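The values are calculated or read from the model by the stated rules, or taken from the named source; none is laboratory data. Computed from a predicted structure; not experimentally measured. Cβ placement follows ideal geometry from the backbone for every residue including glycine, while neighbour counts extend to all protein chains displayed.
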Amino acid sequence: MRGVDESSGGAGDSPRDRGCYRCDRTVAPTRCFRVEVTPPDPLSETYTVAVRYCCEHCAAAMNLSAFSERVKARAGRP
């Protein structure tokens, strides 16, 4: 990975905003899935809320498309 100042004579690329926690791809914040996991009450003393960001490819691999209303609507079309 290049540093911000390593390209374009110091102007560089914009800094990495966010990476996918699964594959470490650099992902624009507008293209990230925010995955939040909240433990059920009986486990909340042991586990805490966790938030991770992932790319669309990893979201598809985790079958998060099952939660998309648009995907569900398309699946119902003849």
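In the stretch 11-20 there is at least one residue that is modelled with pLDDT of 90 or more and surrounded by 11 or more Cβ atoms within 10 Å (Cβ to Cβ). Selection over the stretch 16-57 of residues that are outside any strand (DSSP E or B) and not hydroxyl-bearing (Ser, Thr, Tyr) gives a count of 23.
A search for C-beta distances below 9 Å between a residue of the stretch 33-52 that is more than 21 Å from residue 64 (Cα to Cα) and among the small types (Gly, Ala, Ser) and any residue that is modelled with pLDDT under 95 and not in a strand (DSSP E or B), counting only pairs 6+ apart in sequence or on different chains, returns 44/38.
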